[in-house]
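The values are calculated or read from the model by the stated rules, or taken from the named source; none is laboratory data. It should be emphasised that the depicted structure is a prediction, and the values quoted were computed from it without experimental measurement. Positions of Cβ are generated from backbone atoms using ideal geometry, with glycine treated the same way; all protein chains shown enter the neighbour counts.
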Amino acid sequence: MSARHLILSMTLGAVLAATGLAEARPDSRSMSCGEIQTMIQSRRAVVLTTGPNTYDRYVRQFGNECDRPEIPMSAYIPARDGHCPVYRCDEPVIDFPN
């Protein structure tokens, strides 16, 4: 096999692997809110597609899935049955008085 064919085969394999991984990520828009929340609770953290070009990692409210200084913060994501309340890791906003 020539070097050109080898490189082409490796590139094609990488593209197919990346496409397969993207399709494997659950899409919140095709799930009910209950299904989303159950998945997050059972897996402790999950990466969900939330739009055509968006995704994020969502976590349980009480757990150690976030790296310091991040904590679970409230968020809403689209679900098949409306907007679903979830948590994602984010740095807390501290508002100091003037």
Write out, first by first residue and then by second, each pair whose Cβ atoms fall under 6 Å of each other, whose residues are 6+ apart or on separate chains, and whose first residue, in segment 73-90, is closer than 10 Å to Tyr58 by Cα while the second is charged (D, E, K, R).
Met73/Asp90; Ala75/Arg88; Arg88/Asp56; Cys89/Glu70
Is at least one residue of segment 52-69 modelled with pLDDT under 95 and in contact with an Asp or Glu (Cβ under 9 Å, 6 or more places away or on another chain)?
yes
Out of curiosity, is Glu35 in a helix (DSSP H, G or I), modelled with pLDDT under 95 and not basic (Lys, Arg)?
no
Output the residue which, of all residues in segment 41-98 that are in contact with a Phe, Trp or Tyr (Cβ under 8 Å, 6 or more places away or on another chain) and not in a strand (DSSP E or B), is nearest to Arg25 (Cα to Cα).
Arg60
Six or more apart or on different chains, Cβ atoms under 9 Å: show the pairs whose first residue is in segment 52-69 and closer than 17 Å to Met39 by Cβ and whose second is in a loop (DSSP other than H, G, I, E, B) and of a type outside the set (Phe, Trp, Tyr).
Tyr55/Arg25; Arg57/Glu65; Val59/Arg44; Val59/Glu65; Val59/Cys66; Arg60/Arg44; Gly63/Arg44; Glu65/Arg44
